[in-house]
1. Here is a list of conditions, (1) more than 16 Å from ALA127 (Cβ to Cβ); (2) of a type outside the set (Val, Ile, Thr); (3) at pLDDT 95 or above, and GLY17 meets all of them except one; can you say which number that is?
2. Within the stretch 1-55, work out how many residues are touching a Ser or Thr at 6+ places or on another chain (Cβ under 8 Å), charged (D, E, K, R) and closer than 26 Å to VAL114 by Cα.
3. Among (1) crowded, with 17+ Cβ neighbours inside 10 Å; (2) closer than 13 Å to ALA53 by Cα, where does SER64 come up short?
4. Looking only at the stretch 147-173, count how many residues are of a type in the set (D, E, K, R) and surrounded by 17 or more Cβ atoms within 10 Å (Cβ to Cβ).
5. Quick one: is ALA127 under 12 Å from the mean Cα position of the chain (by Cα) and modelled with pLDDT under 95?
6. If you scan the stretch 135-168, which residues turn out to be part of a helix (DSSP H, G or I) and touching a Gly at 6+ places or on another chain (Cβ under 6 Å)?
7. Return the residue satisfying two criteria in turn: it lies in the stretch 1-27 and is touching a residue at least 40 places away in the same chain (Cβ under 8 Å) and aliphatic (A, V, I, L, M), and of such residues it is surrounded by the most Cβ atoms within 10 Å (Cβ to Cβ).
Amino acid sequence: MNLKDFIRSIPDYPKKGILFRDITTLIKNEKAFAETINQMVERSKKFKVDKIAAIESRGFVFASAISYLLKKPFILLRKKNKLPADTHSVDFELEYGTATIEVHKDSIDKDDSVLIIDDLIATGGTAEAAAKLVEISGGNVAAFIFAINLFDLRGSDNLVNKGYLVENLMDFPGH
């Protein structure tokens, strides 16, 4: 099955000049979604993993299923002020401003090996912030797994250049 056939491309969304890669067409097809999860699970078996973390919100779709299948705890990396208990926070740059993601302070234990899952990597700013959250919590990033890599935006390459292991299921040009 070619998973790329299930990704819808939407021009000029969310703003003019952007070609948005939409995963809703992949996850609404039970066979394509199952194949995506199976491929992510197989790739995750390359790494020592204690916990699975996902970046809000589309990463949750994939990571919760992977966490269930691997029988590993699932950690939420959320936007600012969405978690009710004490958190660690990391601010990061977006093309159009700044953002913050957080994790509960009691989610990751010292030396936990954490696999980070998200639907897509573009420039890598959010993924790098997720790695920092894991690290300030005392854990180690086992690897990243993304369904889609927008290869010409070089986020995946940037993570690799910083010493992280990265797996991508599909490559698309970014716009």
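The values are calculated or read from the model by the stated rules, or taken from the named source; none is laboratory data. Given the structure is predicted, the values throughout are model-derived calculations rather than measurements. Positions of Cβ are generated from backbone atoms using ideal geometry, with glycine treated the same way; all protein chains shown enter the neighbour counts.
1. That leaves (3) as the condition not met.
2. Adding up the residues that qualify gives 3.
3. Failing condition for SER64: (1).
4. The number of residues fulfilling the criteria is 2.
5. Details: under 12 Å from the mean Cα position of the chain (by Cα): yes; modelled with pLDDT under 95: no.
Criteria not met by ALA127.
6. Across the stretch 135-168, the qualifying residues are ASP152, LEU153, GLY155, ASN158, LEU159.
7. Only one residue fits best here, namely LEU26.
Residue-wise test of (1) β-branched (Val, Ile, Thr); (2) over 28 Å from VAL90 (Cβ atoms); (3) in contact with a strand residue (DSSP E or B) (Cβ under 8 Å, 6 or more places away or on another chain).
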site: LEU3; (1), (2), (3): no, yes, yes
site: ILE10; (1), (2), (3): yes, yes, yes
site: PHE20; (1), (2), (3): no, no, yes
site: ASN29; (1), (2), (3): no, yes, no
site: GLN39; (1), (2), (3): no, yes, yes
site: LYS46; (1), (2), (3): no, no, yes
site: ASP50; (1), (2), (3): no, no, yes
site: ALA53; (1), (2), (3): no, no, yes
